[in-house]
Protein chains: 4
Amino acid sequence: MRPYLHKVQYYETDKMQLTHHSNYIRFMEEARIDFFEQLGFPYHRFEAEGILSPVVRVGCDYKKPTTYPDIISVSVSVAECKKLKFVLEYTMQVDGAVVATGTSTHCFLGKDGRPVPFTAFPEFYSAMQKELNK
Amino acid sequence: MRPYLHKVQYYETDKMQLTHHSNYIRFMEEARIDFFEQLGFPYHRFEAEGILSPVVRVGCDYKKPTTYPDIISVSVSVAECKKLKFVLEYTMQVDGAVVATGTSTHCFLGKDGRPVPFTAFPEFYSAMQKELNK
Amino acid sequence: MRPYLHKVQYYETDKMQLTHHSNYIRFMEEARIDFFEQLGFPYHRFEAEGILSPVVRVGCDYKKPTTYPDIISVSVSVAECKKLKFVLEYTMQVDGAVVATGTSTHCFLGKDGRPVPFTAFPEFYSAMQKELNK
Amino acid sequence: MRPYLHKVQYYETDKMQLTHHSNYIRFMEEARIDFFEQLGFPYHRFEAEGILSPVVRVGCDYKKPTTYPDIISVSVSVAECKKLKFVLEYTMQVDGAVVATGTSTHCFLGKDGRPVPFTAFPEFYSAMQKELNK
C-alpha cells in the first residue's frame, strides 16, 4: 500500500508556528479514506449502502513538530479486525523521521443505528484479514 | 440585539501568530446562528421543517489582526431582505476597535432543492423586515 | 472548578450530520485553557515568559454522538503531575449523559526547545498538586 | 499555470452533507500557495526574509454545492497588481462545472508591521505583472 501524502497547510499551523495537534487526527482520516480506496472499498460506497462508520476511539502520540510546508507521509496498517470493530495504526513521517503515531478504532452502523458486522461485506472482511496478517 | 462574543481559540491562530482569516467566516456563522436564536427563529427549527439555508456569497474585510485570547464581539444587522434572498452585515470588534467587517447572502431551499420564498414563513419575514428598518 | 461549555457549531458537524470526531480534541483544548484560567495560570502568561506547552499525547473515546446545537459540558481534572509532564482527563457531557472522555499529556519547553520542569513555577506546580489530590 | 487540485475531505463537510462554505476560503489559500510555488516564489521564502503577507479582503460566490469525495480544481489568476496590493481571482470547478469563484486581496508587511512595496522584490513584481497581462 502506498503511503498517503499530506502537505501541511498554512491554516493548519498555530501560534506556536507548528502544525496544531488536532490536525493530525484529520490527517489520519485522510489517510484512512485513501487506504480504503487503495484496498478497493472506498468509504462512500459503504455510505451509499446506508452504512456509517463512526470513530469509536482515537489516539495520537506527537514525536516531533511539523509545520508548513512540510509533507507528511502517512502509512496505515490494520492492527486488529474482529467482527464488530477494527483498529488502524498510523505512522506519520517527514523526510524519513517519525513525527507522530496514531491509532483509531471503528465500527459499522446500519440505518437503524445498530452495529453491522464486517462479515456482512465478505470481500471487505477478507481484504482486511489479509492486511492484518501482513 | 445583543452582540455575539467569540473568544479566539489557540487552534484558530496560525503561523503568523494571528487568527487565521478563514475563521472570521466561521465567527460570522456563529453570530448569525445566535442572531436568529435571539430573533426567535433558531436555524434548527427551519432544518426540522426540511429547509436548508445555504450561503450564496460571503465577504470579509480584515482591518486589524486579532489573536488568542482576544474576545471578538460580533454585531449582526439585516442589510437587505427580499423574498428570495437576505443579506446580513457583521461588525467585529475587540475592545471597541473594529477588527473586521463582513457580509453574507442567503436563500432558503426546500427538500427538492428549489428556492423557498421567506414569505412562506410570514412571522420570520416580518421579523426580518423589522430588523431591516432598524 | 466550573465545567467549560461548548456549543456545537454548524461548521463542526459533518456529512454524518454529527459533530466530527476531530473537533472533540479542540473542545479539550478550549476546556484546558479555561481550566488554567480558573486555576489562576492562564496559558498566555506562560507564553509571555517564553514557555511553550506542546501536547505530547492525546486520546478520546466517543460514547454518544452529538450535533449542532448541542451544548457540551467539559469537566477537566488533573490525572497526573510529575516534574516534566502532566496528564489531564476530560469528561464531556450533554444533558448529564457522557458523550466522550479524553486525556491529554503535556510538557513545558523553553525557548531553546529544552524541557522546563513545572517546579520552575512553584505556585503553578503547587496548584496542580492540589488539583491532583482532589 | 497548472490548476490546483483539492479533494474534499470528510471533515470539510457539514450537517447539510455538503462542503462547509468556510472551507472554500481555505482551498483558495492552498491554491494561492501552490500558485506562488509554480511562479517560483514560494511563500515560505518571503517568510524567511521576515515578510508577512496578510489577507486584506476575501470574497466567495457559491454556485453549486460540492461534497466528499469531489475533487475541486482551482485556477488562480492575477486580477490586479499595484505596488502595495495585489488581487487574485479563483475559479473552482468540479468535472468542468464552476462550483465557486473567489477573490482575495493581499499586501506585504515587514517585521515592523509597515507595508513593503512588492517592487522591493523586483523579480517577483515582474513575474506578477506578466501574470496580470495574461
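Find the residue count for region D:38-62, including only residues that are of a type in the set (Gly, Ala, Ser), free of Cβ contacts under 8 Å to residues at least 60 places away in the same chain and in a loop (DSSP other than H, G, I, E, B).
1
So which residues in region C:1-11 are touching a residue at least 40 places away in the same chain (Cβ under 8 Å) and either at the interface with chain D (Cβ under 8 Å from one of its Cβ atoms) or in contact with a Lys or Arg (Cβ under 8 Å, 6 or more places away or on another chain) (or both)?
The answer is C:Gln9, C:Tyr10.
Can you name the condition, by its number, that A:Met128 falls short on among (1) farther than 15 Å from A:Phe36 by Cβ; (2) surrounded by 12 or more Cβ atoms within 10 Å (Cβ to Cβ)?
A:Met128 satisfies every listed condition except (1).
Open to solvent by 30 Å² or more (accessible area, probe 1.4 Å) and either within 14 Å of chain C (Cβ to nearest Cβ) or within 28 Å of B:Asp112 (Cα to Cα) (or both): is that true of D:Met16 in this structure?
When the stated conditions are applied, D:Met16 passes them.
Of these, A:Ile51, A:Ile25, A:Ile72, which one is at pLDDT 95 or above and under 12 Å from the mean Cα position of the chain (by Cα)?
None of the others qualify; the one that does is A:Ile25.
Quick grid of which residues meet (1) part of a loop (DSSP other than H, G, I, E, B); (2) in contact with a helix residue (DSSP H, G or I) (Cβ under 7 Å, 6 or more places away or on another chain); (3) away from chain B (no Cβ under 14 Å):
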{"position": "A:Arg26", "(1), (2), (3)": "no, yes, no"}
{"position": "A:Ala31", "(1), (2), (3)": "no, no, yes"}
{"position": "A:Lys64", "(1), (2), (3)": "yes, no, yes"}
{"position": "A:Thr67", "(1), (2), (3)": "yes, no, no"}
{"position": "A:Val78", "(1), (2), (3)": "no, yes, yes"}
{"position": "A:Leu84", "(1), (2), (3)": "yes, no, yes"}
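Can you report the number of residues in region D:98-122 which are outside any loop (DSSP other than H, G, I, E, B) and either touching a residue at least 40 places away in the same chain (Cβ under 8 Å) or among the aliphatic types (A, V, I, L, M) (or both)?
First, pick out the residues of region D:98-122 that are outside any loop (DSSP other than H, G, I, E, B): D:98-106, D:109, D:115, D:118-120, D:122.
Cutting the leftovers down to either touching a residue at least 40 places away in the same chain (Cβ under 8 Å) or among the aliphatic types (A, V, I, L, M) (or both) gives us D:98-106, D:109, D:120.
Final tally of qualifying residues: 11.
Checking the condition open to solvent by 70 Å² or more (accessible area, probe 1.4 Å) and over 24 Å from D:Met16 (Cβ atoms), which residue from B:Pro65, B:Pro69 passes?
Testing whether each residue is open to solvent by 70 Å² or more (accessible area, probe 1.4 Å) and over 24 Å from D:Met16 (Cβ atoms) leaves just B:Pro65.
Would a scan of region D:33-51 turn up a residue that is within 14 Å of chain C (Cβ to nearest Cβ), buried (at least 18 other Cβ atoms within 10 Å of the Cβ) and of a type in the set (Val, Ile, Thr)? Outline the logic, then answer.
Initially, region D:33-51 is screened for residues within 14 Å of chain C (Cβ to nearest Cβ), giving none.
Checked against the condition, which is being within 14 Å of chain C (Cβ to nearest Cβ), buried (at least 18 other Cβ atoms within 10 Å of the Cβ) and of a type in the set (Val, Ile, Thr), region D:33-51 yields no hits at all.
Mind listing whichever residues of region A:63-81 are closer than 30 Å to D:Glu29 by Cα and without any contact (Cβ under 8 Å) to a residue 60 or more places away in the chain?
A:Lys63, A:Lys64, A:Pro65, A:Thr66, A:Thr67
The values are calculated or read from the model by the stated rules, or taken from the named source; none is laboratory data. Since the structure is predicted, the reported quantities are computational estimates derived from the model, not experimental observations. Virtual Cβ from ideal backbone geometry, glycine too; neighbours counted across all protein chains shown. Surface accessibility is based on the protein's heavy atoms, side chains included, excluding ligands, DNA and RNA. Shrake-Rupley method; radii C 1.70, N 1.55, O 1.52, S 1.80 Å.
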